[in-house]
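Accompanying notes for the structure given below.
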Amino acid sequence: MTADIRFFWARLNANYWFYPALFSIAAALLAFSMVWLDRNGFAEFLNEVDWIVPARPKGAADMLTVMAGSMIGVASTVFSITIAAVAYASGNYGPRLLTNFMEDRGNQLSLATFIGSFVYALIVLRAVRAEDETPAALSDAAATALPGFTPQLSLLVAYALMALCVAVLVFFLNHIPSSIRINKVLQGIGERLLDTIRDTYPVEDEFTDALEPRGGEPITAIGTGYVQMIDFGGLLEIARGCGCTFSLVVRTGDFVHRDMPLMLIEGCKPENIEDRVRDCYTLGATRTPEQDPQFLIDELVEIGLRALSPGINDPFTAINALHWLGAATAEIGRRDLRKDVCGSDEKDCPVIPAPDGFDHYVKRGFGAIRSAVATSPIAAEVMLDTLANAAIPLRHEDRQAVLKSEGELLAQQVSVSLVGPDLARFESHYAEFNRNFW
C-alpha cells in the first residue's frame, strides 16, 4: 500500500462528513430492510403483543413526518453549535487546533446519528399507504389486516431511533462545553502525543539514539508542501529489491520544495528508482498528526506561548501545557529512539529515518517555549520542576545532561527577564534544582 493510499484512508475517517455519510447509507439500508420485512409478513408477531397498539397509516405518516423534520432541524443546530465552538477554540487556543475539533468523534457521531435518523424516517415514510389508496401490489397489505399499509416493525425501529437521538442530544449538549475547556483540550493533545510516542518508539528502557545517515547520492523532491506521511514499508521493499541503503534527510512534518533532497542513496543509482521512491512520500498543504509527534508538541507549545503573551497573560494555562510537555519528554527520554522500520530482528536495516535525538525533542518543546516562560515568575519555577521530574525516569547521564542544560538556559533567560524579588526567588529555586537532582 502506497503512502498516498494509507494517508487517504487515515484522513478519510477524520473528515467531518465521513460518519454522517456512512450513517446515512446504513440508515437507508436499514429502512429498506425493515420495510421489506413488513411487506413480507414478518411483523405479524406484533399482533400477539397486547401492549403494542397497531398504528394507523395517518398516525404513522404524521409521526415519521415530525421525526424527519425535527431530526434535520436538530442536525442543523448541532452543526451550527459545532462551528461556533470550533471558531471559539481556534481563536483562543490557535488555528492549529482546528483539526482536533473537526476530528472529534463525539461531534461527528452526534451529527451522524441525527442525519441517519432523518434518512431512515424519510424512506419509511415513503412506504406508508393511506387507507383510501389503491395497493400497488397484493403483497402491500400482507403485513396488517387494517386498510392501507403501515410498516409496524419499521415504525418500532423509528421509535427506538428517536429515543437514541434524545440520548445523543443530551450527550452532545454536555460534550461541547466540556470539549472546549482548556484542561480538556490539553489532556486530549497530551494523551494523543503519549500514544504517538509509544507507537513510534515501542522499545522502552533502552537509551539508544537514532542512527546517523550513511551518505550517498540524493533523490530530490519534485513537489512542494509538507511531508504528511512516509511509506516506510514501501521504501524498505525498494531498498531490499535493489540492494541499497536509504538515509532519509527529511522527516514527517518537514516542508520540502522542488530539488530539495528527500534521502541519500548508497549502493545504486537514484535515477533507476527515483519515481518509485517519490511515490512513498505524501505531500500536502498542511501538517497532520500522523507519524509526526512534533506536530502535537508544537500544539502544546503554541497554547503555552499564547497563554503567556501580554494580551492574554494566563500563566496557569501555560503551566498545564508545561506539565504535558514534561510527561511527553519523560516518555521520549526512556525509549530507544531508533524507529522500528525493519522489525526487532533486523540487524542492518537498509532504511535509516532522519535522526530524531532526545535533544531534538527537548529543543522542540521546552526550548521553543523557554523565552516566554522566562517572563513569568510562576511559570519559570514550574518549568524547573517539570524538567527535574522528567529526569527522574531517565537512567541515562547524557539525556539527564540535556535537561540540565535546558534548566541552565532557562536560568540565563530569566536573569534578563525578571528583576527584584521575582529573580531572587527563582535563583533560590534554581539552586535547589541543581542541588536535589544533579
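The values are calculated or read from the model by the stated rules, or taken from the named source; none is laboratory data. Fair warning: this is a prediction, and the values are worked out from it, not measured in the lab. Cβ: placed from backbone, ideal geometry, glycine included. Neighbour counts: every protein chain shown. When the accessible area is computed, the model is the full protein with side chains, heavy atoms only, and any ligands, DNA or RNA have been set aside. Shrake-Rupley method; radii C 1.70, N 1.55, O 1.52, S 1.80 Å.
Can you tell me how many residues in segment 346-372 are among the hydroxyl-bearing types (Ser, Thr, Tyr) and surrounded by 18 or more Cβ atoms within 10 Å (Cβ to Cβ)?
Within segment 346-372, the first condition is being among the hydroxyl-bearing types (Ser, Thr, Tyr), and the residues that meet it are 361, 371.
Retained after the next criterion (residues that are surrounded by 18 or more Cβ atoms within 10 Å (Cβ to Cβ)): 361.
Adding up the residues that qualify gives 1.
Candidates THR77, THR65: the one that is closer than 21 Å to ALA130 by Cβ, out of contact with any Lys or Arg (no Cβ under 7 Å at 6 or more places or on another chain), hydroxyl-bearing (Ser, Thr, Tyr) and modelled with pLDDT of 85 or more is THR65.
Within segment 383-438, the set of residues being surrounded by 21 or more Cβ atoms within 10 Å (Cβ to Cβ) and within 24 Å of ASP336 (Cβ to Cβ) comprises THR386, LEU387, ALA390, ALA391, ARG399, VAL402, LEU403, GLU406.
Conditions tested, residue by residue: (1) crowded, with 22+ Cβ neighbours inside 10 Å; (2) of a type outside the set (Asp, Glu); (3) farther than 18 Å from ALA163 by Cα.
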residue	(1), (2), (3)
PRO57	no, yes, yes
SER90	no, yes, yes
GLY94	no, yes, yes
LEU97	no, yes, yes
ASN100	no, yes, yes
ASN107	yes, yes, yes
SER117	yes, yes, no
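Examine segment 348-361 for a residue that is aliphatic (A, V, I, L, M), modelled with pLDDT under 95 and out of contact with any helix residue (DSSP H, G or I) (no Cβ under 7 Å at 6 or more places or on another chain), and state whether such a residue exists. Show your work before the answer.
Quick first cut of segment 348-361, residues aliphatic (A, V, I, L, M) only: 351-352, 354.
The next check asks that each one be modelled with pLDDT under 95; those that pass are 351-352, 354.
Now narrow it down to the ones that are out of contact with any helix residue (DSSP H, G or I) (no Cβ under 7 Å at 6 or more places or on another chain): 352, 354.
There is at least one residue in segment 348-361 that is aliphatic (A, V, I, L, M), modelled with pLDDT under 95 and out of contact with any helix residue (DSSP H, G or I) (no Cβ under 7 Å at 6 or more places or on another chain).
Taking the criterion of being farther than 18 Å from ILE297 by Cα and assigned to a helix (DSSP H, G or I), would at least one residue in segment 370-377 satisfy it? Yes, because at least one residue in segment 370-377 is farther than 18 Å from ILE297 by Cα and assigned to a helix (DSSP H, G or I). Looking only at segment 119-131, residues that are of a type outside the set (Val, Ile, Thr), touching a residue at least 40 places away in the same chain (Cβ under 8 Å) and surrounded by fewer than 24 Cβ atoms within 10 Å (Cβ to Cβ) come to 6 in all. Scan segment 172-212 for residues that are under 20 Å from ASP359 (Cα atoms), in contact with a Phe, Trp or Tyr (Cβ under 8 Å, 6 or more places away or on another chain) and assigned to a loop (DSSP other than H, G, I, E, B) and the total you get is 1. Restricting to segment 295-338, give me the number of residues that are open to solvent by less than 50 Å² (accessible area, probe 1.4 Å) and in a loop (DSSP other than H, G, I, E, B). So the count comes out to 3.
Among the residues of segment 349-367, write down those that are in a helix (DSSP H, G or I) and of a type in the set (Gly, Ala, Ser).
Just the residues of segment 349-367 that are in a helix (DSSP H, G or I), to begin with: 358-367.
If the condition is that a residue be in a helix (DSSP H, G or I) and of a type in the set (Gly, Ala, Ser), then GLY365, GLY367 are the ones that fit.
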